[in-house]
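One structure is given below, encoded as structure tokens.
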Amino acid sequence: MEFCFLRCLLFVVLTAWTFADDEQVTLVSELSAKPAQKLSKYGWYGNVRLQKFHIPEETAIARWLFSVTKGHNFNCGQHNVTIHIRWGAPPVINPTGSSFPNSTHWSPGLSLVLLVTSHSSTTFNVSSPASGDWFIAAHLPEDDGRIEQKGFPSCSYFFQPQLSIRRVVDTPILQQGTVLKQTAAPDRPARLKFYVQEFTSSLSVSVTDCSSEDGAAGGNCSLVLKLGSTSPLYSPVTVSCSGIKCTATLSNPPWDTWLRVVVESGKENRTVSFTIISNSTARCKPKSVTLKADDDINKFHGNSIYSNSTLAGNSTVDTDAIGFGNKSMALLTPLSPSACVWSFPVFYEEVDILSLRFTPVNGPNVSVSNTHPSMLTYPLNTQATGGTLNLQLTLNVTNVTLGNSSSVVACFSPWAPILTLNNSQPCRSGLHGGYGLSIDVSAPKAVIRLPFPPSTTWYLTMQLICKSSDCGDTSVVSVVPEVSISACVEDCGTYGECRLLRSHSYLYAACVCKAGWSGWGCTDDSSAQSYLRQVGATLLLTLSNLSFLPAIVVAVKRYYITEASVYLFTMFFSTFYHACDQPGVAVMCIMDYDTLQYCDFLGSICSIWVTILCMARIRDTFKYTLFMLGTLLIAMSMQLDRKGLWNLLGPVLCALLIMVTTWIYRSVRRRHCYPPSWQRWALYLIPGALCALIGVCLYIFAETEDNYFYTHSLWHILVASCVVFLLPPKEKDREALGWNRGWSWTWTWSWSWRPRVCGYTLCESGKDELYTVT
């Protein structure tokens, strides 16, 4: 839940601008803020803190305030916080400079670098921002690989973005062919909007009759005419007007949306009056259809095998085109004189979270001609922007012979289709860029992958292009377009894992790589571990647990059977946990990973708990009661927070307190130091304590991702060695006190039972019974 999300309409009139026709434009203020989040060093996209803001229509100015605060007062040095901004989808970033998978296209967004000491802030202003969702991502520099134990104090930085906008509530609307009288000042530009209908191929906005308030005209009138909105990747079309008339033209404008028109005055301290008029052209008129939808529904159910499918596409265009389907060849229905494109309806199926599949209704094959382009429409909602948009075109050459001089040219573009296709013209609309593809007999397949695609309608247009003037006998070919949304690029490959992430209610996915592989799809092997290194790391981490065998033997020989059972439990689960925890391909899991991790952590802490209590030499009743009670509490704490610092410190401190208390009590009672032997201190306790101290220092301060396999293996060996040193010797009266419970140690194990009762303890009297005979 957001800590505070303020969408406060203040509805306070900031200023009223009076035009020549006495119309007013009113601005209102809106504020929104996101809760502060702790920043992390960048290792993969999951370390990025992602925030989503929504900018409404007709926003004149947007101003972001980015604040970064240090969480602790101790010296952490200076760090750079990188902030990425993108409109329409989360930013695709590459701080490590790793390579992307093949056929993956991405454009870097706007990045800001903020130097942080204790508290720093910066602002980012956008005039006439594009409406919709804006995404802010922030992170610290690249991770150095050091493993930080949870709970220890570390340098922490908190990032909080805030947004303030000024929105126009009564923007004048430009109508087709209607003249409007407007005025513009240096600090008060004229703001208008024009609705671009579907199938609009071009539009123009003209400014005429320009004059200044002081009566100057002609060349003295200076205006700047802008069409479109501003975003980090796209800028509006700008025309500078120096006379009394100028025109801005936009080809292939975005369909079914409001287009922003801003006229600014270049005169200082002068208000400029002008008239403005707009004109749009629809070169491709839709073919009229009847009001009956039965044919489309029957066609949809006849070709669809899915139950949860939604039809996408424009049914008002010429949709009588017949796809190839299972036929060897099909002919396209002739277009009407006013139409210039064949449109194929598409339905999409929601397979899973961040998983969509688009399929043409008439079958997988789509007919492509050399006379007019074929168009398919793919609408993407906001929920689909957190995945990867995949497009694969395959030329069907089974029934058609295509010459080497012919190819199919395609353009995959957002917001508006590109209806004029050739090899020389770029795949780009008036405001936004697209992605061009080409397939022929020599290369019958083309693939495009787009991480985090913008939320809009995407258009795929295809046309057969012949280098010669005549395509010969082949004027129609079959192409199979496969369009889908997947969570990650190729499921992150062999050395990666696709993980679903969440920022409040927004879901997105990213790859986390392993075994030294990196990149957006875990395909960069520049620092990858070799197979021998992976096998060596697995063997070292697993076989190092065999160092617990001497501790188990010593514990059994000294009749510490319970302690030996705990060590055996720890050795077993630590071995198979590390065999399952390996990042590469040398992995073996005998049960669920979470279960192995839980048992490994539980056994490790319980081993420390029982060892220190055994050193205290308290009565067995109290000792085994503490064994059981401590194990239950440790198991509970493991379930609450498995990697918490106090899960380790709590049992260790409690056990040490009990041990020190009992040792002081014995020292006071016996009037000499306990343990009394200096050999015990010099040869066992001090070496054991040093092993434990060195192991803890390695575990906490020295482990990194690069040296983990040998530093953690050394930790296993040191912990097991300290157990051998610290276990107390067998008590002299252990058998007399009944500690052996019937066990006797010789060269072989033997089981003997001595059924005698002395009080509450099974024991044996050494006295012989005497019988008197009278």
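Within the range 489-501, none of the residues are acidic (D, E), surrounded by fewer than 23 Cβ atoms within 10 Å (Cβ to Cβ) and more than 24 Å from V48 (Cβ to Cβ).
Within the range 563-577, identify whether any single residue is closer than 30 Å to T96 by Cα and touching a Phe, Trp or Tyr at 6+ places or on another chain (Cβ under 9 Å), and answer yes or no. For the range 563-577, residues closer than 30 Å to T96 by Cα and touching a Phe, Trp or Tyr at 6+ places or on another chain (Cβ under 9 Å): absent. Here E482 clears all of (1) modelled with pLDDT of 90 or more; (2) out of contact with any Leu (no Cβ under 6 Å at 6 or more places or on another chain); (3) over 15 Å from P373 (Cα atoms); (4) buried (at least 17 other Cβ atoms within 10 Å of the Cβ) except the condition numbered (4). Restricted to the range 402-495, the set of strands (runs of 3 or more DSSP E) holding at least 2 residues that are in contact with a Cys (Cβ under 9 Å, 6 or more places away or on another chain) and among the hydroxyl-bearing types (S, T, Y) comprises 406-414, 457-466. Specify the residue that is surrounded by the fewest Cβ atoms within 10 Å (Cβ to Cβ); the eligible residues are those in the range 420-434 that are under 12 Å from L460 (Cβ atoms) and within 35 Å of the chain's Cα centre (by Cα). Checking each candidate, the answer is C427. Just one of the listed residues (G145, G132) is under 30 Å from M375 (Cβ atoms) and in contact with a Gly (Cβ under 9 Å, 6 or more places away or on another chain), namely G132. Only residues that are assigned to a strand (DSSP E or B) and either at pLDDT 90 or above or surrounded by fewer than 14 Cβ atoms within 10 Å (Cβ to Cβ) (or both) were counted across the range 75-106, and they come to 9. V48 satisfies every condition listed in (1) over 30 Å from K514 (Cα atoms); (2) surrounded by 15 or more Cβ atoms within 10 Å (Cβ to Cβ) except (1). Assess whether P729 counts as being surrounded by fewer than 16 Cβ atoms within 10 Å (Cβ to Cβ), out of contact with any Gly (no Cβ under 7 Å at 6 or more places or on another chain) and either free of Cβ contacts under 8 Å to residues at least 24 places away in the same chain or of a type outside the set (V, I, T) (or both). In short, yes. Based on this model, can you work out whether S407 counts as more than 34 Å from the chain's Cα centre (by Cα) and over 28 Å from F100 (Cβ atoms)? Criteria not met by S407. Taken over the range 682-719, the residue count meeting the criterion of being touching a residue at least 60 places away in the same chain (Cβ under 8 Å), touching a helix residue (DSSP H, G or I) at 6+ places or on another chain (Cβ under 9 Å) and either in a helix (DSSP H, G or I) or surrounded by fewer than 16 Cβ atoms within 10 Å (Cβ to Cβ) (or both) is 11. Restricting attention to the range 499-540, the residues that are under 18 Å from the mean Cα position of the chain (by Cα) and within 25 Å of Y577 (Cα to Cα) add up to 9. Criterion applied to L395, L460, L391 was being among the hydrophobic types (A, V, I, L, M, F, W, C), more than 17 Å from P254 (Cα to Cα) and in contact with a Phe, Trp or Tyr (Cβ under 8 Å, 6 or more places away or on another chain), and the one residue passing it is L391.
The values are calculated or read from the model by the stated rules, or taken from the named source; none is laboratory data. Model, not experiment: these values are computed from the prediction. All Cβ positions, even for glycine, are placed from backbone atoms using ideal geometry, and neighbour counts span all protein chains on display.
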